[in-house]
Amino acid sequence: MSKRTDIQIRNWIKAGAPVAKSDGDGLTFTLSNGGTASWVLRYRLNGRQRELTLGRYPDVTIAAARKLAAEKRVEVQQGVDVARTKQKTKLESARAWTFKRLADHYLTRASEHLAALTIEGRRQQLRDYVHGRVGHLSAREVSPGDIVDIVERSGEKSLHVARLVLIAIREVFAHGVARHVVEGNPCAHIKAKAIIGAPPSQRSRIMLSDSELTAMLNKLPQIGRANELAVKILLATCTRIGELTSAEWTHVDFERKEWTIPPEHSKNKKQFVIPLTEQVVEWFIELRRLAFDSRFVLPLRQRHRGREGDAPMEATSLNAALNRLHEKLGKHCRRFTPHDLRSTARGYLGALGVDVLIAERLLNHSLGGPVAIYDKHDYITERRKALELRCTKIAALEKGEAFNVVPFKRAGND
């Protein structure tokens, strides 16, 4: 039988039709329906027909395939089932994947299509609630019972966190199934509501009143200066907490008085420039002194659970600080979240006479429809003026002074 050549193989691949062409002594070139070109060694052992995939063409050349086939035929003649040996090796390799290794691989791949804030959130959830219990185990050994226990324990801190932890674990195992690291997803039939109950009804966003804001602003120093400044910046700029905790000093231009949120930190994955008022610039300058040499505006101040090096503050840290603040405020202010500061800011923009279009641009929202298609203006001048008005009101509330609304006009209006 004549030997196969590279020209023949390239012609078969170009034609695209499935083929199986022998090169002699059991070595066969195959082309699948999907266009995968491979070398296969076919042999008989104990009366049974077997085959071993040697590798893909052209990664494995003709010469390399013939050499591999010759070596494997010697093993077959010695009674070794080379296909079964390869299968065992593959299974042992899969067992070597600990849950943590699989989770790290998932996060690396998922970062290609998920927002950076989502990836950081899942990394934190896995690090804080999962790795300490099953991170060292083979991914194949993690059982549904292990997962239920993890969800129950994380639910003792927060039911919302418990649901996020279950989602993170489920995604890791789905990735493992796709990679053939695990045979099935142990989360497949686990429902959060069966473990920690149904989620509460959707909480309405609140808009803090003037009296609540005054009480809150006066108590802010009691949660630490960095947390105080973070809350004031959120209230003054209408930004999301994740955008602030992820901010780096390279994103803040003190000369132009602008803070740029890069696409990877923005919910809509678009770069967004926030004009900074004089007061907000001063807050950022003070945060820079508090940050020392960190590249982050709000650096993590304590290393824990194996986290090393320079890192940003976690959003949960500010949530915890606000919980402490609420205990001090008591009946003088309703319990609020960082996102409620954003909704409060949006409500007051309307009360201050800020145009809907400008107010929505301040929140990095798109109004959709023809406006999104045709209106490409960024309104940074108008947004800066609106934020200056907003900061003036915050300063007045902090001092307990009356604030008279000055009708807002768009730039260029008489």
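The values are calculated or read from the model by the stated rules, or taken from the named source; none is laboratory data. What you see is a predicted model; the values in this text were computed from it and never measured. A quick note on method: Cβ atoms are made from the backbone with ideal geometry, for glycine too, and the neighbour counts reach across all protein chains shown.
For GLY121, the criteria (1) at pLDDT 90 or above; (2) farther than 30 Å from ASP25 by Cβ; (3) outside any loop (DSSP other than H, G, I, E, B) hold in every case but one, which is (1). Figure legend. Inter-residue proximity from the stretch 216-234: first residues touching a residue at least 24 places away in the same chain (Cβ under 8 Å), second residues acidic (Asp, Glu), beta-carbon distance below 8 Å, spacing 6+ or different chains. Indicated pairs: LEU217/GLU398; ASN218/GLU398; LEU220/GLU228; ARG225/GLU286; LEU229/GLU286. Of the helices (runs of 4 or more DSSP H) lying entirely inside the stretch 341-405, those carrying at least 1 residues that are within 33 Å of the chain's Cα centre (by Cα) and either outside the structural domain of LEU325 (by TED's automatic domain parsing) or at pLDDT below 85 (or both) are 369-374.
Candidates are the residues of the stretch 191-222 that are modelled with pLDDT of 90 or more, of a type in the set (A, V, I, L, M) and farther than 20 Å from LEU352 by Cα; the one that is surrounded by the fewest Cβ atoms within 10 Å (Cβ to Cβ) is ALA194.
Considering only residues that are polar (S, T, N, Q) and surrounded by fewer than 21 Cβ atoms within 10 Å (Cβ to Cβ), which ones fall in the stretch 230-255?
Across the stretch 230-255, the qualifying residue is only THR250.
Among what's in the stretch 128-154 and is over 18 Å from ASN185 (Cβ atoms) and under 21 Å from the mean Cα position of the chain (by Cα), pick the residue that is surrounded by the fewest Cβ atoms within 10 Å (Cβ to Cβ). Only one residue fits best here, namely GLY132.
Quickly run through the stretch 36-54 and pick out the residues that are farther than 11 Å from VAL76 by Cβ and hydrophobic (A, V, I, L, M, F, W, C). Once the filter is applied, which keeps residues that are farther than 11 Å from VAL76 by Cβ and hydrophobic (A, V, I, L, M, F, W, C), the stretch 36-54 yields ALA37, TRP39, VAL40, LEU54.
Summed over the stretch 251-286, residues that are in a helix (DSSP H, G or I) and not acidic (Asp, Glu) total 9.
Residues that are among the small types (Gly, Ala, Ser), in contact with a His (Cβ under 9 Å, 6 or more places away or on another chain), over 22 Å from MET313 (Cβ atoms) and not in a loop (DSSP other than H, G, I, E, B): does the stretch 231-250 have at least one? So far as the stretch 231-250 goes, no, none of its residues is among the small types (Gly, Ala, Ser), in contact with a His (Cβ under 9 Å, 6 or more places away or on another chain), over 22 Å from MET313 (Cβ atoms) and not in a loop (DSSP other than H, G, I, E, B).
For the stretch 1-37, the set of residues classified as touching a Phe, Trp or Tyr at 6+ places or on another chain (Cβ under 7 Å) and part of a helix (DSSP H, G or I) consists of ILE9 only.
Let's see how each residue does on (1) in contact with a helix residue (DSSP H, G or I) (Cβ under 7 Å, 6 or more places away or on another chain); (2) modelled with pLDDT of 95 or more:
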position: LEU229; (1), (2): yes, yes
position: LYS232; (1), (2): yes, yes
position: THR237; (1), (2): yes, no
position: ARG240; (1), (2): yes, no
position: SER246; (1), (2): yes, no
position: ASP253; (1), (2): no, yes
position: GLU258; (1), (2): no, yes
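Just one of the listed residues (ARG48, ARG133, ARG140, ARG42) is touching a strand residue (DSSP E or B) at 6+ places or on another chain (Cβ under 8 Å) and over 30 Å from GLU243 (Cα atoms), and it is ARG42. Out of the residues in the stretch 274-296 that are surrounded by 16 or more Cβ atoms within 10 Å (Cβ to Cβ), touching a strand residue (DSSP E or B) at 6+ places or on another chain (Cβ under 7 Å) and not aromatic (Phe, Trp, Tyr), which is nearest to ILE241 (Cα to Cα)? In this case the residue turns out to be ILE274. When the residues of the stretch 27-52 are narrowed to those that are exposed (fewer than 14 other Cβ atoms within 10 Å of the Cβ) and small (Gly, Ala, Ser), which ends up farthest from the chain's Cα centre (by Cα)? Applying the filter and picking the extreme gives GLY47. Taking the stated definitions as given, is HIS160 assigned to a loop (DSSP other than H, G, I, E, B) and either surrounded by fewer than 18 Cβ atoms within 10 Å (Cβ to Cβ) or modelled with pLDDT of 95 or more (or both)? So HIS160 does not fit the description; no. Applying a threshold of 6 Å to beta carbon distances and a minimum spacing of six or more residues, or different chains, the list of pairs starting in the stretch 270-284 at a residue that is in contact (Cβ under 8 Å) with a residue 60 or more places away in the chain and ending at one that is polar (S, T, N, Q) and in a loop (DSSP other than H, G, I, E, B) reads PHE272/SER266; PHE272/ASN364.
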